[in-house]
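Below is one structure, written out as structure tokens; the observations come after it.
The values are calculated or read from the model by the stated rules, or taken from the named source; none is laboratory data. Predicted model, so just to flag it, every value in this text is computed and none were measured. Glycine also receives a Cβ, built like all others from the backbone with ideal geometry; neighbour counts cover every protein chain displayed. Accessible surface is based on the protein model in full, side chains and every heavy atom, while ligands, DNA and RNA are left aside. Shrake-Rupley method; radii C 1.70, N 1.55, O 1.52, S 1.80 Å.
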Amino acid sequence: MTDKKVILTGDRPTGKLHIGHYVGSLRNRVQLQNSGNYDTYIMIADMQALTDNARDPEKIRHSLIQVALDYLAVGIDPKKSTILVQSQIPALNELTMHYLNLVSVSRLGRNPTVKNEIQQKKFGQSVPAGFFIYPVSQAADITAFKADTIPVGEDQEPMLEQTREIVRSVNGIYGKDILVEPEGYFPPKGMGRIPGLDGNAKMSKSLNNAIYLSDDEDTIRQKVMSMYTDPNHIHIEDPGKVEGNTVFTYLDIFAEDKDKVNDLKAQYRHGGLGDVKIKKYLNEVLQAHLKPIREHREEYAKDEAAVYDILKQGSEKANLVANKTLQEVRDAIGINYFG
């Protein structure tokens, strides 16, 4: 029996991962994994991705290997973390069904995270049923592995609360403490989200404002040189605004020489420092940070069969755990008629 806490985290495979994912979750996962204090499950949530991409399954299939490569490139170690594919864990589907019986349609409709995403995706009245109920599917993912620690952004707290409600219902109605209530593990304030290259509050594949972990050197440089700064800083001698300036936001996150960044901020505010100069410095910083990640990724990409084998082994290991939880739930409900 282990005293370690259990982590479940993951991503929807809808494309390659970008530095927003890296800042918001990936590097934190690597630190938690390497701490030795957790049993870590990292899920590629292809079933969840299909809830709003069911008519384009090839996109999900192609993205699966891309996400796996990004995981390995940043330092997710299959010897320390279990990397699994959601669709390959059948127990999750039955757990979802049992939990749906304990959740009302009105409760699902009140989930602010779901409401926001429905609005962002402009579904209107045509919300896919699978998308509408994905908080319940997510609860199945979490509880199947008895995960008690969930690294997420603060905007995902409503999802965790819905999971906790389901755990309390199952444990209360069926009279046994089968499931575990999860808690969120949140990034330090201000470190959970990185703005897009265009200054948009969120870096996103759909907004085409991202630097990907797989981008080559030239692509990174071109993207950095096109970044949003201070639109009123027209001439080098003009005083510039640091707050809301995407270049300085990135430097605060990635640059190790904080004294140099502070000096650049002071010069920029005073006037006499051009955007090109600070962008060139940011390019140097990002190139140094992303080069080893890109090189590791290229090495893994040479043998995709080996990467698929990692996913297969991780999914097989995860199946054993999820099946055990499902058996406990079935026993508690009393539907193991022939057991």
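Would you please calculate the Kirkwood hydrodynamic radius of segment 209-319 over all C-alpha pairs and express it in Å, rounded to one decimal?
16.1 Å
Cα-Cα over 32 Å: which of Lys202/Lys317; Lys176/Lys202; Lys223/Lys260; Lys122/Lys280?
Long pairs (Cα-Cα over 32 Å): Lys202/Lys317; Lys176/Lys202; Lys122/Lys280.
Each residue of segment 274-280 in turn: what ³J(HN,Hα) in whole Hz from Karplus with 6.51, -1.76, 1.60 and θ = phi - 60°, glycine and Pro shown as x?
x, 4, 4, 5, 6, 5, 5
Run the accessible area of segment 182-339 with a 1.4 Å probe and give the carbon-and-sulfur part as a rounded percent.
51 percent
Can you give the longest stretch of the chain with no exposed loop site, where a site means GluC sites (Glu not before Pro) in a DSSP loop (not H, G, I, E or B) with at most 12 other C-beta atoms within 10 Å? Could the numbers behind the result be given before it?
Working: sites that count: Glu237, Glu243, Glu256.
The answer is 1-236.
Once you treat every alpha carbon in segment 84-213 as an equal point and sum by Debye, what is log10 I(q)/I(0) at q = 0.15, 0.17, 0.19, 0.22 Å⁻¹?
-0.84, -1.03, -1.20, -1.37
Between segment 36-72 and segment 313-339, what is the C-alpha centre distance in whole Å?
The two parts, judged by their Cα centres, are 23 Å apart.
Just to be sure I follow: if Rg is taken over the C-alpha atoms of segment 113-160 and Rh is the Kirkwood radius over the same atoms, what is Rg/Rh?
Here the Rg-to-Rh quotient is 1.03.
Can you work out the accessible area per residue across the chain, with the rest of the protein chains kept in place, probe 1.4 Å, in square angstrom?
Result: 50 Å² of accessible area for each residue.
Using the Karplus curve 6.51 cos²θ - 1.76 cosθ + 1.60 with θ = phi - 60°, what ³J(HN,Hα) values do you get for each residue of segment 11-27, in whole Hz, with x for Gly and Pro?
Listing the rounded values in order: 8, 7, x, 10, x, 5, 8, 10, 5, x, 5, 5, 5, x, 8, 4, 5 Hz.
Given the Cα atoms of the chain, and with Rh set as the inverse mean 1/r over their pairs in the Kirkwood sense, what is Rg to Rh to two decimals?
Result for the chain is an Rg/Rh of 1.02.
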